[in-house]
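Since the structure comes first, as structure tokens, the remarks are kept for the end.
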Amino acid sequence: GAGVSQSPSNKVTEKGKDVELRCDPISGHTALYWYRQSLGQGLEFLIYFQGNSAPDKSGLPSDRFSAERTGGSVSTLTIQRTQQEDSAVYLCASRPHDLAGGWNEQFFGPGTRLTVL
Amino acid sequence: AQTVTQSQPEMSVQEAETVTLSCTYDTSESDYYLFWYKQPPSRQMILVIRQEAYKQQNATENRFSVNFQKAAKSFSLKISDSQLGDAAMYFCAYRSGSGGSNYKLTFGKGTLLTVNP
């Protein structure tokens, strides 16, 4: 079946502009994550959605970052007034519903490479 | 908070040889899971191998195996009979077993593996 898809694949923007990154999770997956991968760094958690519950926004680095998930499916990560330090690969992952004691494996998309000039 | 450390930014290996990638982590939890992910230039995160903390037996997946030392909080990855296709960035990741953690992954900074023909 189809995996996690993300668009655009690459995005170049100018400092100060707003950008929107899109994630289409695997159909039926209730949980969705956004991670950021900066150059030379591992992935850092940004935000988590699970069904209709309030999202866990604890990883968002500033109030310029926000995300929403419509209808429990597609998610959009928005970065307002982009800065050069926002340049990174933004990865989305989804997984099925919580399974106590289970692997709860996350399936990753190919990411969006954001370059802020 | 949990941390994951990969002390080898880069490693190289000759084709058909064996290489070991190191990973240490810090946690006060007793229930957790550990993972190794591979990220080729396509950026797609691929799960290589995984280990439950409560299992003493080291996980094995074909040419990939781990050396899990729970007391030392060490989780190294051994790749046997290295192939050119193994060249990639490898990430070690930690996940709490607690549902309250949202099952988010904590990653190390990665090890870039080069395979020489």
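Of all beta bridges DSSP finds with both residues in the protein assembly as shown, what is the antiparallel percent, to the nearest 5?
Working: 68 of 77 bridges.
Around 90 percent of the beta bridges assigned by DSSP in the protein assembly as shown are antiparallel ones.
Which value, in square angstrom to the nearest 100, describes the accessible area buried between chains B and A on both sides, using a 1.4 angstrom probe?
2100
Take the alpha-carbon centre of the stretch A:1-20, take the same for the stretch B:1-71, and report the distance between them in whole Å.
Between the Cα centres of the stretch A:1-20 and the stretch B:1-71 lies a distance of 29 Å.
Which entries of A:Lys15/B:Lys73; A:Lys11/B:Lys73; A:Lys15/B:Lys109; A:Lys11/B:Lys55; B:Lys55/B:Lys109; A:Lys11/B:Lys78 have Cα-Cα distances beyond 32 Å here?
Result: A:Lys15/B:Lys73; A:Lys11/B:Lys73; A:Lys11/B:Lys55; A:Lys11/B:Lys78 exceed 32 Å.
Among DSSP bridges having both ends in chain A, what percentage is antiparallel? Round to the nearest 5.
If I count the DSSP bridges inside chain A, around 90 percent turn out antiparallel.
What are the principal axis extents of the Cα atoms in the stretch A:78-117, in Å, biggest first?
Its Cα atoms span 44, 18, 13 Å along the three principal axes.
Where both residues lie in chain B, what percent of DSSP beta bridges are antiparallel, nearest 5?
Within chain B, antiparallel bridges account for around 90 percent of the total.
Given a 1.4 angstrom probe, what's the average accessible area per residue across chain B, in square angstrom? Walk me through the intermediate numbers first.
On the way: 5550 Å² over 117 residues.
Per residue, chain B has 47 Å² of solvent-accessible surface.
Just want the answer: with Cβ charges of +1 for Lys and Arg and -1 for Asp and Glu, which residue in B:Gln6, B:Tyr25, B:Gly85 is farthest toward the dipole's positive end in chain B?
B:Tyr25
Give me the Kirkwood hydrodynamic radius of the stretch B:14-112, using the inverse of the mean 1/r over all pairs of distinct Cα atoms, in Å to one decimal.
When all Cα pairs of the stretch B:14-112 are included, the Kirkwood radius is 13.9 Å.
Rounded to whole Å and ordered largest first, report the semi-axes of the equivalent ellipsoid of the protein assembly as shown derived from its Cα gyration tensor (root of 5λ). Please list the in-between numbers first.
Details: eigenvalues 171, 94, 50 Å².
The equivalent ellipsoid of the protein assembly as shown has semi-axes of 29, 22, 16 Å.
Counting Lys and Arg as +1 and Asp and Glu as -1, each charge on the Cβ, what is the dipole of the protein assembly as shown about the Cα centre in debye, to the nearest 20?
200
Using a 1.4 Å probe on the protein heavy atoms only, what accessible surface does B:Ser12 show? Give it in Å² to the nearest 10.
About 80 Å², ignoring ligands and nucleic acids.
Could you work out the mean count of beta carbons from other protein chains within 10 Å of each residue's beta carbon in B:103-112?
Per-residue shielding by partner chains comes out at 6.
Using unit Cβ charges (K, R positive; D, E negative) and no other charged atoms, how large, in debye to the nearest 20, is the dipole of the stretch A:1-102 about its Cα centre?
In total the dipole reaches around 100 debye.
First obtain the Kirkwood hydrodynamic radius of the stretch A:17-71 from its Cα pairs, then insert it into the Stokes-Einstein equation at 25 °C and 0.890 mPa s, and state the resulting D in µm² per second as a whole number.
Translational D for this selection: 197 µm²/s.
Please build a GNM for chain B, connecting alpha carbons under 10 Å apart, and tell me which residue among B:Ala88, B:Ala53, B:Ala72 fluctuates the most.
Of B:Ala88, B:Ala53, B:Ala72, the Gaussian network model singles out B:Ala72 as fluctuating most.
Can you give the Rg to Rh ratio of chain A, both from alpha-carbon atoms, with Rh computed by the Kirkwood formula?
0.96
Is there a simple number for the mean count of other chain Cβ atoms within 10 Å of the Cβ of residues in A:88-98, and what is it?
Averaged over the peptide's residues, the number is 1.
Using a Gaussian network for chain A with springs between C-alpha atoms less than 10 Å apart, which of these wobbles most: A:Asp98, A:Asp18, A:Asp63?
A:Asp63
Summarise the partner chain shielding of B:27-36 as one whole number: the mean count of Cβ atoms from other chains within 10 Å of each residue's Cβ. Walk me through the numbers on the way to the answer.
Numbers: counts 0, 0, 0, 0, 1, 0, 4, 0, 3, 0.
Mean shielding by partner chains, rounded to a whole number: 1.
The values are calculated or read from the model by the stated rules, or taken from the named source; none is laboratory data. From a predicted model like this one, the values you see are computed outputs, not experimental measurements. No Cβ is skipped: glycine too gets one built from the backbone with ideal geometry, and neighbour counts run over all protein chains shown. Quick note on the areas: whole protein, heavy atoms, side chains included, nothing else; ligands and nucleic acids left out. Shrake-Rupley method; radii C 1.70, N 1.55, O 1.52, S 1.80 Å.
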